[in-house]
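Where a number appears in this text, it was derived from the coordinates with a stated rule and is not lab data. All figures in this text were calculated on a predicted structure; none of them were measured in a lab. Heads up, the Cβs are rebuilt from the backbone with ideal geometry, glycines too, and the neighbour counts pull from every protein chain shown.
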Amino acid sequence: MPELPEVETVRRTLNMLIAGKKISRVTVNLPRILQKPDDPDVFAAMLEGHTFQSVERRGKFLRLLLDGVTLVSHLRMEGRYGVYRADDPVEPHTHIIFHFTDGTELRYKDVRQFGTMHLFAPGQEWQSPPLNKLGLEPLSDKFTPDSFLKALGRRTTKIKPLLLNQEVIVGLGNIYVDEALHLAGVHPERTADSLTKAEKLRLYQAIVDTLQAAVDAGGSSVKSYVNGQGEMGMFQHQLRAYGRTGQPCATCGSPIEKSVVGGRGTHTCPSCQIGPRKTARSQRAKAAKGNAVKRRLDGTAQ
C-alpha cells in the first residue's frame with residue numbers, strides 16, 4: 001500500500017496541483033529518503049530553479065517531470081504528498097519540502113520513512129534502477145491477453161506471489177491481487193502452470209476490471225492513504241475478499257477465509273476459489289474416468 005490505483009490517483013491530483021510551479025529551494029529533513037544522489041545539498045541544487053511540467057506513473061512509481069530533470073518517487077507503505085501554503089504548520093514526519101516561487105510548497109510526509117527518491121537526466125531513468133526491470137503495465141495498451149499469457153508462461157510459481165512480482169506485472173499489491181483472484185475464481189496457491197488458458201484469460205480480465213474500478217473510485221483508503229488533496233479513496237467499500245475475514249462471499253455466501261500465501265495475508269472464498277489439492281483430485285478423477293471409458297472401448301473393439 002499504496003498500489004497502482006492509489007499511485008495513479010496521486011499522479012492525477014499532483015498534475016493538477018503542481019504543473020507549472022517553479023522550485024526556489026528544497027529542504028531535506030531526512031536524507032535517507034534520497035537514493036540518487038544521496039547528498040542532500042546536491043539533490044537540492046539539481047532541483048532549484050526547475051519547473052514541474054507533468055507527473056506520470058510507472059507501476060507504483062511516480063515520475064515527476066521537470067524542465068531538465070526527472071524525479072522518480074516511490075511512496076512505499078505510507079508516503080504521501082500534499083501542497084500547502086508556506087505559512088501552514090509543518091506536520092510531523094515531513095521529510096522533504098519543495099518550496100515554490102509562488103509561496104506554496106509541495107511536502108513529502110512519510111511516517112514509516114520507507115519512501116525513496118531518485119533524480120535522473122530526462123530519459124536516463126529507464127536505464128537504471130528502480131525502473132529498468134519493471135514488468136507489464138496494467139491498463140496500458142501493451143497489457144493484452146497474449147502478453148499476459150506469455151508473462152505467466154509455464155511458471156511453477158504460485159499465482160499470488162507471481163502477480164506480486166513487479167518484474168512480471170507492475171502495480172499489483174496485496175489488496176488488488178486478492179480482489180482479482182477472487183473475481184476470477186482462482187485460488188492464490190494454484191501454480192501458474194496449473195491454470196487452464198480459460199482461467200488465465202479470466203484472471204487477466206479480472207485484473208483489468210479490478211484496477212479500473214479502483215482507479216475510478218480514487219483507490220482504497222484501507223489504512224492511511226489519501227490523495228494529494230488529503231481526500232480518501234472509496235474502493236474499500238467495494239472490496240469482495242481483502243480484509244473481509246468471516247464475512248459472506250458476495251458470490252456464494254460462504255465465509256471469507258484468511259491464510260498466509262508467500263508470506264502475505266491472503267483472503268479467499270473456500271467455495272468460489274478451489275485450492276490446488278481439490279483441483280488435483282478433480283483432475284485425477286477426471287483422468288481415471290477417461291481411462292475407464294478408454295478401457296471399455298478397447299474391450300469392445302476386441
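A few points about this structure:
- Rounded to whole numbers, the Karplus 3J(HN,Hα) couplings from phi for region 237-249 are 7, 10, 4, 9, 9, 4, x, 10, 3, x, 8, x, 4 Hz, using 6.51 cos²θ - 1.76 cosθ + 1.60 with θ = phi - 60°, and x at Gly and Pro.
- Gyration tensor verdict on region 1-92 (Cα atoms; rounded if a/c is under 1.5, prolate if a/b is larger than b/c, oblate otherwise): rounded
- Taking the C-alpha atoms only, the angle from helix 197-216 to the longest principal axis of the chain is near 30 degrees.
- Within the chain, percent of DSSP bridges classed antiparallel, to nearest 5: 95 percent
- Angle of helix 276-301 to the longest C-alpha principal axis of the chain, folded into 0 to 90 degrees and rounded to 10: 30°.
- In terms of other Cβ atoms within 10 Å, 84, 108, 176 run from fewest to most in the order 84, 108, 176.
- Semi-axis lengths, Å, the chain, gyration tensor of Cα atoms, sqrt of 5 times eigenvalues: 46, 20, 15
- Helix 174-184 vs. the chain, principal-axis angle (Cα, 0 to 90°, nearest 10): 30 degrees
- For region 84-91, 3J(HN,Hα) per residue [Karplus equation, 6.51 cos²θ - 1.76 cosθ + 1.60, θ = phi - 60°, Hz, x = Gly/Pro]: 9, 6, 4, 8, 5, x, 7, 6
- Sequence of 77, 16, 117 once ranked by neighbouring C-beta atoms within 10 Å, starting from the fewest: 16, 77, 117
- Note on region 4-127: antiparallel DSSP beta bridges, both residues inside, total approximately 95 percent of the bridges counted.
- Neighbour-count order for 94, 144, fewest beta carbons within 10 angstrom listed first: 144, 94
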